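The values are calculated or read from the model by the stated rules, or taken from the named source; none is laboratory data. These figures come from a predicted structure and were not determined experimentally. With ideal geometry, Cβ positions are generated from the backbone for all residues, glycine too; neighbour counts draw on all protein chains shown.
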Amino acid sequence: MFLQIHTLTSYHASLLNRDDAGLAKRIPFGDKTRLRVSSQCLKRHWRERLQETVALPSGLRTRHFFERVILRRLVEEEGIPMERAQALTVALVGLLLTKNAAKAEKAAKAEKTKKGKKAVAEQPEMAFGDEEENIAEEATETVGLLVKQPILFGQPEADFLVAVLKECAAAGSDAEKRLQERLKKDKENFKAMLAQAGHGHLYAGLEGALFGRFVTSDILSRSDACMHVAHAFTVHPLDTEVDYFTVVDDLNRDDETGAAHAGDMELGAGLFYGYVAVDTPLLISNLTGCKTKDWKAQDSAAAKQVLQELIHTIAEVSPGAKLGSTAPYARADFVLLETGPQQPRSLANAYLQALTPHGNGMEQAIGSLKAYLDAQERMYGATAAFRAAATTGIGDWGSVPVLPLAEASARALAALFE
């Protein structure tokens, strides 16, 4: 069972998403090149909103989890001496992120021998690429604790790991051995251990439940993304211009002319099509720990809350670089919600031939989308069990109800979980 969310959002002169050269991201599609906003950019902004609106444990995507969360909490909250807390945390890094315990022991021994000296952090082997990255640390507190690439850890995992390290610290000189035995013995049941300890099944936080987490650790659990996000693109051809700007020095004297600084940036305006598909059984599985086939038997209250907030977040939250100089805030003027067991499919091909805007560009884009959807249904039959639309415009959608967004989302979710 899937929820599909289609949006059309118009942005004025802005720079929503930049590439490595500072230019607006773009993509060839159909007969023209279009402006583009990457799915990573979209998810980052949506994630920040969901952390504020959904009362479920969140996560942190960071390279500094062990240093700035685990080690800090052991010392400041649990009162464990720095030397013991650091040794245990280094051992934990090795056990969680390396492929065998020997590496963990080696990392712990290296930490002791390098105490008090500047050192190059030994990076655990991880599943985030083969790049070699040596980072010089300014103090021993971070030696062995900084991982190569940002990795997602959930608040439940942080709470559980701090509790485990506190328990092991009480073992005195056998603390590291106790930790190794504990995690090695229970590595096959790490998720079950979290749940049993009262930390629920959101081990990687709401972010992990929605967007997934990929790790090759023997102990940490990966989760599959139930939310699939397409890159947004303009329904018409790319059309940008370079904005040249200068900065005037307020303290210039009358005889001092010219700008104190000159620069430029690429700006573009556009009407973007966005698409998201959510695998509902997988979402509930990620939230509750059940098997996907048993999703209907679970309490769906949390999933409904997440999806309700997600729909509004997608429609309301704008991505954007250069916030201070472009104010790129806009809401979707059209949202189409679809539910059903049918294989999801984007409606992007409605714009395979780029539109040449004339008159009301939004109404033109909505009309093209409906015409393509009708063509798909003539070819394949029903491609969704239920639809509802919300729009600022006026359009004839036949049997598809056109409603305020709150009502459209409520009816779509009722159909999804009926």
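Looking across the range 224-247, the residues that are among the β-branched types (Val, Ile, Thr) and either in contact with a Cys (Cβ under 6 Å, 6 or more places away or on another chain) or at pLDDT 95 or above (or both) come down to VAL229, THR234, VAL235.
Residues of the range 382-405 include at least one that is in contact with a strand residue (DSSP E or B) (Cβ under 8 Å, 6 or more places away or on another chain) and part of a helix (DSSP H, G or I). Scanning the range 316-365 for residues that are surrounded by fewer than 20 Cβ atoms within 10 Å (Cβ to Cβ), assigned to a helix (DSSP H, G or I) and of a type outside the set (S, T, N, Q) returns GLU316, LEU323, GLY324, GLY361, GLU363. The requirement of being under 17 Å from the mean Cα position of the chain (by Cα), surrounded by 16 or more Cβ atoms within 10 Å (Cβ to Cβ) and outside any helix (DSSP H, G or I) is fulfilled somewhere in the range 31-38, by at least one residue. Within this structure, LYS187 fails the test of being basic (Lys, Arg) and modelled with pLDDT of 80 or more. Scanning the range 160-174 for residues being assigned to a helix (DSSP H, G or I) and at pLDDT 85 or above gives a total of 9. State which residue is surrounded by the fewest Cβ atoms within 10 Å (Cβ to Cβ) when the search covers only the range 41-66 and only residues that are among the basic types (Lys, Arg) and in a helix (DSSP H, G or I). Among them, the one singled out is ARG44.
When the range 163-188 is limited to residues that are farther than 15 Å from VAL90 by Cβ and touching a residue at least 40 places away in the same chain (Cβ under 8 Å), the one that is surrounded by the fewest Cβ atoms within 10 Å (Cβ to Cβ) turns out to be LYS184. Exactly one residue out of GLY22, GLY79 is part of a loop (DSSP other than H, G, I, E, B), without any contact (Cβ under 8 Å) to a residue 60 or more places away in the chain and more than 30 Å from LYS304 (Cα to Cα): that is GLY79. Name the residues in the range 337-379 that are farther than 19 Å from ALA390 by Cβ, among the basic types (Lys, Arg) and in contact with a helix residue (DSSP H, G or I) (Cβ under 9 Å, 6 or more places away or on another chain), would you? The one that is farther than 19 Å from ALA390 by Cβ, among the basic types (Lys, Arg) and in contact with a helix residue (DSSP H, G or I) (Cβ under 9 Å, 6 or more places away or on another chain): ARG345. Between a residue in the range 370-393 that is in the same structural domain as GLY340 (by TED's automatic domain parsing) and any residue that is β-branched (Val, Ile, Thr) and assigned to a loop (DSSP other than H, G, I, E, B), which pairs come within a Cβ distance under 8 Å, given they are 6 or more apart or on different chains? From residues that are in the same structural domain as GLY340 (by TED's automatic domain parsing), the pairs are LEU373/THR383; GLN376/THR383; GLU377/THR383; ARG387/VAL400; ALA388/VAL400; ALA389/VAL400. Number of residues in the range 285-336 that are touching a strand residue (DSSP E or B) at 6+ places or on another chain (Cβ under 7 Å), polar (S, T, N, Q) and closer than 30 Å to TYR11 by Cα equals 1. Count of the range 260-315 residues, restricted to those that are touching a Phe, Trp or Tyr at 6+ places or on another chain (Cβ under 7 Å), farther than 24 Å from ALA388 by Cα and part of a helix (DSSP H, G or I), is 1.
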